[in-house]
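Everything on this sheet refers to the single structure shown next.
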Ligand SMILES: C[S@@+](CC[C@H](N)C(=O)[O-])C[C@H]1O[C@@H](n2cnc3c(N)ncnc32)[C@H](O)[C@@H]1O
């Protein structure tokens, strides 16, 4: 395909479609989309037609920062009359809808590393931002369903299952939100890779992580490649989760993933009747022994991966009033499997401090290096939880500016860049 005439023609049609999108020229766009894909990108800027349609609304006197979506305007420029601005936004909405109908991809990155949704968020264009989030949810749900169909198709052949497992370990499987098979860099899943936005990182694949040497610091736990496994800044989040899950003393608690032992320490303050901990990493287990966790009141330590431990607990009929899940280097699919298949057998429907049913919580960090990814993921997880039989309440907890506090120094990747954490607490529906 080294034909210069062909390349010129391709470039011309790319520029035409980008221009039509930027001008919100629906007629021209419809025409062009007959023969051209909605998924072209400008070689220099990396803009897709979606980027162009949104960026066209950027006022000349760019409003700063991200007061944005919660601010007083919908991307309104001070000089521009509101009515004119409204018309422009309506035209952009129509343009974006047409592009999405023609298969435009919600999370392509431009040369600045922004998705179309990132631009809409930055410019405070709420309506346009929501269109991007909804498109993301649709796309990721579709991918997740396709993955399920593939699994159904594979059922019955052990060989195939083995191959699937190998593929997953190697990170070649492409699935739902967070399931590029790449990293779940840091704290479980919060990464660009999680949203299919960046190249993978083998160090944060589960098997590699579990065989790596860990480094325990006073305020952080890092793996061999300096990925943050757990950091002390999360203590506020752990404490609030523990308070909501275990409001009174004498309850039965299960925690999956000990890490720095922050939440387990808080659970201990609640004097649980039973306190089970599942932990898979040998270095964490060694440290737990050194710190006397096996002798603490009510504590039962299960050494191994939850995937291998939970079936035994279910078989024994162990039931809990509260379950917390916070692992590392696992995909969203693992969390979904846990709440869909494991929690149901472990959480007491007549348990809890009031006998109205036990509660389930988890670290909600996937996609947290990008607001639009976090918003897409949160909608998906809420839907999946509902489908699995749970009502979920999200409490918003502000997160301090971790950059200015130097939290990321020496950490390979920032897994959290957002201002707010959505803390989930789940109960059985009904
Ligand atoms: C983010 S840390 C947990 C932090 C903990 N919530 C705290 O308060 O300190 C994740 C932990 O999950 C463990 N882990 C990872 N995969 C696991 C698995 N499949 N089964 C059990 N534990 C796992 C890791 O070794 C690590 O100790």
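Sort 359-369, 332-342 by the packing proxy (mean of other Cβ within 10 Å over each peptide's residues), most packed first.
359-369, 332-342
Shape call for region 285-430 from the C-alpha gyration tensor, a ≥ b ≥ c root eigenvalues: rounded (a/c under 1.5), prolate (a/b greater than b/c) or oblate?
It is oblate, given that a/c is not under 1.5 and a/b is not larger than b/c.
What shape does region 94-134 take by its C-alpha gyration tensor, where a ≥ b ≥ c are the square roots of the eigenvalues and a/c under 1.5 counts as rounded, a/b above b/c as prolate, and the rest as oblate?
Taking the square roots of the gyration eigenvalues as a ≥ b ≥ c, region 94-134 is oblate.
Quick one: grab the alpha carbon gyration tensor of region 230-359, order the square roots of its eigenvalues as a ≥ b ≥ c, and give me rounded if a/c is under 1.5, else prolate or oblate depending on whether a/b is larger than b/c.
rounded
Measure out, as a whole number of angstrom, how far apart the alpha-carbon centroids of region 79-124 and region 359-399 sit.
If you average the Cα positions of each part, the centres end up 25 Å apart.
Once the piece of chain linking residue 236 and residue 350 is laid out straight, how much longer is it, given 0.36 nm per residue of separation minus the C-alpha distance between them?
38.2 nm
Quick note: the coordinates plus some simple rules give every number you see, no bench work behind them. All values derive from a computational prediction rather than experimental measurement. Neighbour counts are summed over all protein chains in view; Cβ atoms, including those assigned to glycine, are modelled from backbone coordinates with ideal geometry.
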